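Since the structure comes first, as C-alpha cells, the remarks are kept for the end.
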Amino acid sequence: MERNNLVKMGGTPVTLVGKPIKEGDAAPDFTVLTPEMKTVSLRDFKGKIVLISAAPSIDTPVCDLQATRFNQEAAQLPDDVQILNITVDLPFALSRYCAAKGIDKILTLSDHRELSFGNAYGVVVKEFRLLARSLFLIDRSGIVRYVELVPDIKNHPNYENALTEIKKIL
C-alpha cells in the first residue's frame, strides 16, 4: 500500500509504503535487530508500555537529538515503560553510536534487513528506503494509544505530547 502527500522530506513530498496504523489499532508485531545482531520483536515487550520512536538515520542531527532526548526522558520513567528507537541503520552503526553518546536507557534497533517494522506501521519512505519520523505509543495490552507522523521528516516530533500520553496510561 502506498500513500502520497502525507510526509515531506525538506519540503519535497515522499511516498509512504506499508499499512497505516491509527490510534485504537492492535499494534502489529515486527522483527528488528539489536546492535548485537539479536532479533527482537514487539511481543518481547508484552505487558509493558512501549513508545516506538522511528527515525531515518541515527547519524543525522535531528535523529541524534531525538534519540538523546528520549534516552534522557527514559531515565525518569518507570521500568514498565520501554522506549524503542528504530532506524534502518546497520546494527554496527547503532552500537558505535550508543557507545559514543552514552545511550543506555532506550533500545536502538535496526529495521534494515526486512523493513518489518516500517512496512507493518506504514512508515517506509519509498524513495529513500528510510523510515519516516514517527512515534507510536502502545499500552500494556498491545493497543496503539498515540500516533504521530511528523509532517516533514527533517523536523522533530512533539516530545511533550508523547510524554504526556505515556503519563496518561501509566
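Since every read-out is calculated from the coordinates, none of them should be taken as a lab result. Everything numeric in this text was worked out from a predicted model, so none of it was measured. Neighbour counts are summed over all protein chains in view; Cβ atoms, including those assigned to glycine, are modelled from backbone coordinates with ideal geometry.
Annotations
- Here's the list of lysines a cross-link from residue 105 could span, going by alpha-carbon distance under 27 Å and ignoring same-chain residues fewer than 8 apart: 22, 38, 46, 48, 154, 167, 168.
- Remark: C-alpha extents of the range 32-138 on the principal axes read 38, 30, 24 Å, sorted largest to smallest.
- Once backbone amide H atoms are built at 1.01 Å from N, residue 143 has 27 as its partners under 5 Å, excluding neighbours fewer than 5 places away on the same chain.
- Pairwise centroid distance, computed over Cα atoms, of the range 126-153 with the range 1-65, Å: 5 Å
- Backbone phi angles across the range 27-39, fed through the Karplus curve with coefficients 6.51, -1.76 and 1.60 (θ = phi - 60°), yield HN-Hα couplings of 5, x, 6, 7, 10, 9, 10, 7, x, 8, 6, 8, 7 Hz in residue order; Gly and Pro are listed as x.
- Estimated inter-spin distance, residue 154 and residue 48, nm [label 7 Å along Cα→Cβ]: 3.5 nm
- When peptides 105-116, 154-165, 137-148, 83-94 are sorted by average Cβ neighbour count within 10 Å, with the highest value leading, the order is 83-94, 105-116, 137-148, 154-165.
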